[in-house]
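**Student:** Below is one structure. I have some questions about it.
What follows is calculated from the coordinates using simple rules that are stated; it is not laboratory data. Note that the structure is predicted; figures quoted are calculated from it, not measured. Backbone-built Cβ (ideal geometry, glycine too); neighbour counts: all protein chains shown.
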Amino acid sequence: MTVYEIVTDKIIKQMEKGIIPWHKPWHGGMAKFNRVSKKGYSVLNQLLLPFDGEYATLKQWNELGGRVKAGEKGNIVTYWNFINKTEKQEDGSEKVKSFPILRYYTVFHISQVEGVEPLENIDFANMEVESAEDVKNTYFERESCRLFVEKSDRAYYSPSFDEVHVPELNQFENSDEFYSTLFHEMTHSTGAASRLDRLSSTAFFGNEDYSKEELVAEIGSAMLSSVAGLNTEKTFNNSVAYLQSWLRVLKNDPRMIVSAASKAEKAVDYILYGIKEAA
């Protein structure tokens, strides 16, 4: 199996148990972090790792004086390894290009380790929770994108007019649902050519490009909802139909979850901090 297939298989197994990996709490991206570096894992790895808290490699736990319990199985953490290749140009010159290759290594959760106590009083700068209103205002005050909150029966982002449209708050069962819907459309808006240039002109309802972008928006909304402290258990769809629809998509394309997680992470960084990196 390729690394993409291994990753997708793990996501699919969670979904077959009724778990939507991108609906888990994110806690500012720090729910799952490396014990040694104190850094949170990437969005994709947040989806893959089963428990919140501290992880480390076998070597790292040993160096900390710990010992992985007999019979415990580790979990994979993915990373990009870049290799350089020299390509001949039409004029006969040579150009070195860098290509990313997805790799992985194995980590163990602290609950699988003896001889090491959990960290206490961890002060992570990015653990601060912003209000949903702050997330919204920061983005729309900075960007040229316009927001329309109106009496309506649908929410959408219009690339042609660079506009986000959502129904009024009182049309939702609660404010958490309003903001999670808004965050979904805000994530779409980051794909505009003037921002992360991610949106495809060939994306139509039901086709592959549309599904890919919807998954980016789903993960982005889940991340922003947790950053804003929303109750995600009440805001996301966990229906059988929803699960089955994504299972079909992911089984057909083992690279989709890897790509979508990376793009969602860039979209959220752009919304929160204005960091502009090509998606």
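**Student:** Can you give me the relative contact order of the chain as a percent, contacts being Cα pairs under 8 Å and 6 or more apart?
**Tutor:** Normalised by residue count, the contact order of the chain is 21 percent.
**Student:** Follow-up question, since we're still on this one. Normalised by the residues of the stretch 125-273, what does the relative contact order come to in percent, with Cα pairs under 8 Å and at least six apart?
**Tutor:** 25 percent
**Student:** State the extension gain, in nm to one decimal, for the chain segment bounded by residue 13 and residue 90, taking 0.36 nm per residue of separation less the distance between their alpha-carbons.
**Tutor:** Full-extension gain reported as 23.0 nm.
**Student:** Also: With each label point set 7 Å from Cα along the Cα-Cβ vector, what nm distance links residue 72 and residue 99?
**Tutor:** Roughly 3.8 nm, to one decimal.
**Student:** Straight-line reach only, C-alpha to C-alpha below 17 angstrom: list the aspartates and glutamates that residue 73 could link to, leaving out same-chain residues fewer than 8 apart.
**Tutor:** Output for residue 73: 9, 52, 54, 114.
**Student:** Exposure proxy check: 2, 78 ranked by fewest other beta carbons within 10 Å?
**Tutor:** Ordered from fewest to most neighbouring Cβ atoms within 10 Å, 2, 78 come out as 2, 78.
**Student:** Also, quick follow-up: Which value at 222 nm does the chain reach when only helices count, each DSSP H run of 4 or more adding -39,500 (n - 2.57), with the total divided by all residues and rounded to the nearest 500 deg cm²/dmol?
**Tutor:** Value at 222 nm, helices only, nearest 500: -12000 deg cm²/dmol.
**Student:** Could you identify which residue out of 69, 38, 97 has the top mean-square fluctuation in a GNM of the chain using Cα springs shorter than 10 Å?
**Tutor:** Most flexible of the set in this elastic network: 97.
**Student:** Most exposed first by the Cβ proxy, i.e. fewest other Cβ within 10 Å, how do 109, 184 rank?
**Tutor:** With the sparsest Cβ surroundings first, the list reads 109, 184.
**Student:** Given axes a ≥ b ≥ c from the Cα gyration tensor, I'd like to know whether the chain is rounded (a/c under 1.5), prolate (a/b larger than b/c) or oblate.
**Tutor:** oblate
**Student:** Further, regarding this structure: Give me the extension gain from residue 146 to residue 169: residue separation times 0.36 nm, minus the current Cα-Cα distance, reported in nm with one decimal.
**Tutor:** Length difference between fully extended and current span is 6.6 nm.
**Student:** Would you list which aspartates and glutamates come within 12 Å of residue 212, measuring only between C-alpha atoms, while excluding same-chain residues fewer than 8 positions from it?
**Tutor:** List returned: 253.
**Student:** Report the residue, chosen from 86, 181, 190, that carries the largest GNM mean-square fluctuation when the chain is represented by alpha-carbon nodes joined by springs under 10 Å.
**Tutor:** 86
**Student:** Which residue fluctuates the most in the chain, going by a Gaussian network model with Cα springs under 10 Å, if the choices are 229, 71, 18?
**Tutor:** Most flexible of the set in this elastic network: 71.
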